[in-house]
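Novice: Mind looking over this structure? Questions follow.
The values are calculated or read from the model by the stated rules, or taken from the named source; none is laboratory data. Quick caveat: nothing in here was measured; it's all calculated off a predicted structure. Cβ placement follows ideal geometry from the backbone for every residue including glycine, while neighbour counts extend to all protein chains displayed. Ligands, DNA and RNA are excluded from the accessible area calculation, which covers all protein heavy atoms including side chains. Shrake-Rupley method; radii C 1.70, N 1.55, O 1.52, S 1.80 Å.
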Amino acid sequence: MRILLVSLLFPLLVAAQGYPTQPVKLVVGFPPGGTTDVIGRLVAHELGEQLGRPFVVENRPGASGTIGAGGVAKSAADGHTLIVVPSTHGTARALYASLPYEESDFAAIGLVASTPYVFVVHPDLPVKTFGDLIALLKANPGKYHYASTSPGTAQHLGGELVKRMAGVDMVHVPYKGTGAVMPDLLSGRVPMMFENLAVMTPHIRKGSLRPLAVSSLKRTRLMPEVPTVAETGGGLEGFEVIGWFAVLVPARTPPEVVRMLNTELNRMIAKPAMVARFAELGAEPLGGTPADAASYIRVEQDKWGRIIREAGIKLL
């Protein structure tokens, strides 16, 4: 029995001790330049430095990251192919009729960072607080519009969650990316939206937009003076919409390799320089165990699955 146990564990121990034996591919399922790509390149650079082998980013954009994820799911489970997924990984199952992977095709390495959103309004909108906004929307059902950068994004789903929890009606206007929405938002043509803190901060500082609330459960240290949506009350208690980023590998990757990558990821996240860089992106470091990450992703998938089904949202 002892000989059998050793024979089973020996290949895994060798795999961990010699890992990585070649350059590691880190897939990003989005185009270069976006937040997911920037996070992915930070992870690749730091893990490469820490483990002494190149971690090379490969962008495979399309279908909210599901094309890249499908490719990774079919890759060799040896730890030499990773993927950084954003929070769209938690909504894809409900938004798409079919996906090129099953969730069981992946093993979680860990959570990297979270990005709270800030709800901003044009200064001409006659509201000073999120409570004021809810009162305005209740008095004028269907009159006001909110923007998103695309259907099915956190900006869109955050608005849907407000509608359901607060019992209000506002009209969703989807755009094709942040660049497309900003002129209309800054002109007041579409007067409000959820968006990443880093994107909105310059406009808030100039007074071009007014922040009403952040979407995290607790106030963010990146904008501590702005209350949370949940603080509004009136049915919004417990409101939370955050972007997040996690590292996954193909299922059946040796457990020792998973643990090694998790250790190195947590080491990276704890570096003061990384914490500062995350803050520049409007993000806060997360970390934790592979089990923490897997549990977090399941909770997000269950939560958004219910909201998406109730709202009748489908992309394909």
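Novice: Per DSSP H run of n ≥ 4, the term is -39500 (n - 2.57); total these for the chain, divide by its residue number, and report the mean residue ellipticity at 222 nm rounded to 500 deg cm²/dmol. Don't skip to the answer; put the middle values down first.
Specialist: On the way: 11 runs with 135 residues, N = 316.
That comes out to -13500 deg cm²/dmol.
Novice: Would you mind getting the accessible area per residue of segment 270-316, heavy atoms of the protein chains only, 1.4 Å probe, in Å²? Display every interim value, and only then the final one.
Specialist: Numbers: 2570 Å² over 47 residues.
Heavy-atom SASA per residue in segment 270-316 reads 55 Å².
Novice: With every protein chain present, what is the per residue accessible area of segment 31-129 (1.4 Å probe, Å²)?
Specialist: 36 Å²
Novice: So for the chain, taking the charge dipole from beta-carbon charges (+1 Lys/Arg, -1 Asp/Glu), which of Leu261, Pro54, Ala147 sits furthest toward the positive end?
Specialist: Value computed over the given set: Ala147.
Novice: Please compute one quarter of the surface area of the Cα convex hull for segment 98-198 and express it in square nanometres. It would help to have the intermediate numbers written out before the result.
Specialist: Values: hull surface 34.4 nm².
The Cα convex hull of segment 98-198, projected and averaged over all directions, gives 8.6 nm².
Novice: While we're here: Report, by chain and number, residues whose modeled amide H sits under 5 Å from the one on Val121, excluding near sequence neighbours (fewer than 5 apart, same chain).
Specialist: The answer is Arg210, Leu212.
Novice: Which ³J(HN,Hα) values in Hz, rounded to whole numbers, follow from the phi angles of segment 84-96 under the Karplus curve 6.51 cos²θ - 1.76 cosθ + 1.60, where θ = phi - 60° and Gly and Pro get x?
Specialist: Along segment 84-96, the couplings run 9, 10, x, 5, 4, 5, x, 10, 4, 4, 7, 7, 10 Hz.
Novice: Calculate how steeply helix 255-269 sits against the longest principal axis of the alpha-carbon atoms of the chain, using the helix alpha-carbon long axis, and give the answer as 0 to 90 degrees to the nearest 10.
Specialist: Once rounded, one gets 50 degrees.
Novice: Using modelled amide H (1.01 Å from N, peptide plane; none on Pro or chain starts), what sits under 5 Å from the amide H of Trp244, excluding residues fewer than 5 places away?
Specialist: Sorted by chain and number, the residues that satisfy this are Ser87, Thr115.
Novice: Can you work out ³J(HN,Hα) from phi for every residue in segment 223-239, in order, using Karplus 6.51 cos²θ - 1.76 cosθ + 1.60 and θ = phi - 60°, giving whole Hz and x for Gly and Pro?
Specialist: Taking θ as phi minus 60°, the curve returns 8, x, 6, 9, x, 8, 4, 4, 5, 5, x, x, x, 8, 4, x, 4 Hz for segment 223-239.
Novice: Continuing with this model, one more query. Quick one: order Lys176, Lys271 from most to least accessible surface, probe 1.4 Å.
Specialist: Numbers: Lys176 195, Lys271 60 Å².
Putting Lys176, Lys271 in descending order of accessible area: Lys176, Lys271.
Novice: Here is a further query. Top mean-square fluctuation among Arg306, Arg259, Arg277, Gaussian network model of the chain, C-alpha springs under 10 Å?
Specialist: Per the Cα network of the chain with a 10 Å cutoff, Arg306 tops the list.
Novice: Between 0 and 90 degrees, rounded to the nearest ten: what's the tilt of helix 154-166 against the longest Cα principal axis of the chain?
Specialist: The answer is roughly 60 degrees.
Novice: Quick one: pull the percentage of alpha-carbon pairs in segment 260-307 with a separation above 19 Å. Walk me through the intermediate numbers first.
Specialist: On the way: 480 of 1128 pairs.
In whole percent, the long-distance tail amounts to 43.
Novice: Follow-up question, since we're still on this one. Which residue fluctuates the most in the chain, going by a Gaussian network model with Cα springs under 10 Å, if the choices are Ile134, Ile269, Ile297?
Specialist: Among Ile134, Ile269, Ile297, the largest mean-square fluctuation in the Gaussian network model of the chain belongs to Ile134.
Novice: Another question, then. Which value, in Å² rounded to 10, gives the accessible area of Met165 with a 1.4 Å probe and all protein chains present?
Specialist: 60 Å²
Novice: Using just the alpha carbons, could you tell me how many Å³ per residue the convex hull of segment 64-136 encloses?
Specialist: Working: hull volume 11.1 nm³, N = 73.
Hull volume normalised by residue count: 152 Å³.
Novice: Let me ask something additional. Kindly give Rg over Rh for the chain, based on alpha-carbon atoms, with the Kirkwood expression for the hydrodynamic radius. Don't skip to the answer; put the middle values down first.
Specialist: Working: Rg = 20.9 Å, Rh = 20.6 Å.
With Rh from the inverse mean 1/r over Cα pairs, Rg/Rh is 1.02.
Novice: Can you send over the solvent-accessible area of Tyr144, 1.4 Å probe, protein chains only, in Å² to the nearest 10?
Specialist: 40 Å²
Novice: Defining a contact as two alpha carbons under 8 Å apart and six or more residues distant in sequence, what relative contact order in percent does the chain show?
Specialist: Working: 607 pairs, mean separation 84.2, N = 316.
Dividing the mean separation by the residue count of the chain yields 27 percent.
Novice: In segment 147-218, carbon and sulfur make up what percent of the accessible area (probe 1.4 Å)?
Specialist: 55 percent
Novice: Please state, rounded to one decimal and in Å, the Kirkwood hydrodynamic radius that segment 13-166 gives when every pair of distinct Cα atoms enters the mean of 1/r.
Specialist: Numbers: mean 1/r = 0.0549 Å⁻¹.
The answer is 18.2 Å.
Novice: Here is a follow-up. When the dipole is taken about the Cα centre of the chain, and only Lys, Arg (+1) and Asp, Glu (-1) are charged at their Cβ, what size is it in debye, to the nearest 20? Mind showing how you got there, number by number?
Specialist: Details: 30 positive and 26 negative charges, 33 e Å.
With only Lys, Arg, Asp and Glu charged at Cβ, the dipole is about 160 debye.
Novice: While we're here: Excluding Glu240 itself, calculate the net charge of residues whose Cβ lies under 13 Å from the Cβ of Glu240, where each Lys or Arg counts +1 and each Asp or Glu counts -1. Don't skip to the answer; put the middle values down first.
Specialist: Values: positive: Lys218, Arg219, Lys303; negative: Glu231, Glu237, Glu300.
With Lys, Arg at +1 and Asp, Glu at -1, the net is 0.
Novice: What list of ³J(HN,Hα) couplings, whole Hz, do you get for segment 63-70 from phi and the Karplus terms 6.51, -1.76, 1.60, once you set θ to phi - 60° and write x for glycine and proline?
Specialist: Values per residue, Gly and Pro as x: 6, 6, x, 6, 5, x, 5, x Hz.
Novice: Before anything else, pin down the relative contact order of segment 62-132: Cα pairs under 8 Å, at least 6 apart, normalised by residue count, whole percent.
Specialist: Numbers: 29 pairs, mean separation 22.2, N = 71.
This gives 31 percent for segment 62-132.
Novice: Rank these residues by their accessible area, most exposed first, probe 1.4 Å: Thr36, Thr21.
Specialist: Details: Thr36 15, Thr21 85 Å².
If we order Thr36, Thr21 from most to least accessible, we get Thr21, Thr36.
Novice: Then there's this: Taking H placed 1.01 Å from N in the peptide plane, check which residues at least 5 places from Tyr146 or on another chain put their amide H under 5 Å from its amide H.
Specialist: Sorted by chain and number, the residues that satisfy this are Val171, His172, Val173.
Novice: Next question. Length gain on complete extension for the stretch Ala76 to Val173, per 0.36 nm per residue less the alpha carbon to alpha carbon distance? Mind showing how you got there, number by number?
Specialist: Numbers: separation 97, 0.36 × 97 = 34.92 nm, distance 4.13 nm.
Computed gain between Ala76 and Val173 is 30.8 nm.
Novice: Turning to a different aspect of this structure: Return the percentage of antiparallel bridges among DSSP beta bridges fully within the chain, rounded to the nearest 5 %.
Specialist: Numbers: 24 of 39 bridges.
Roughly 60 percent of the beta bridges in the chain run antiparallel, per DSSP.
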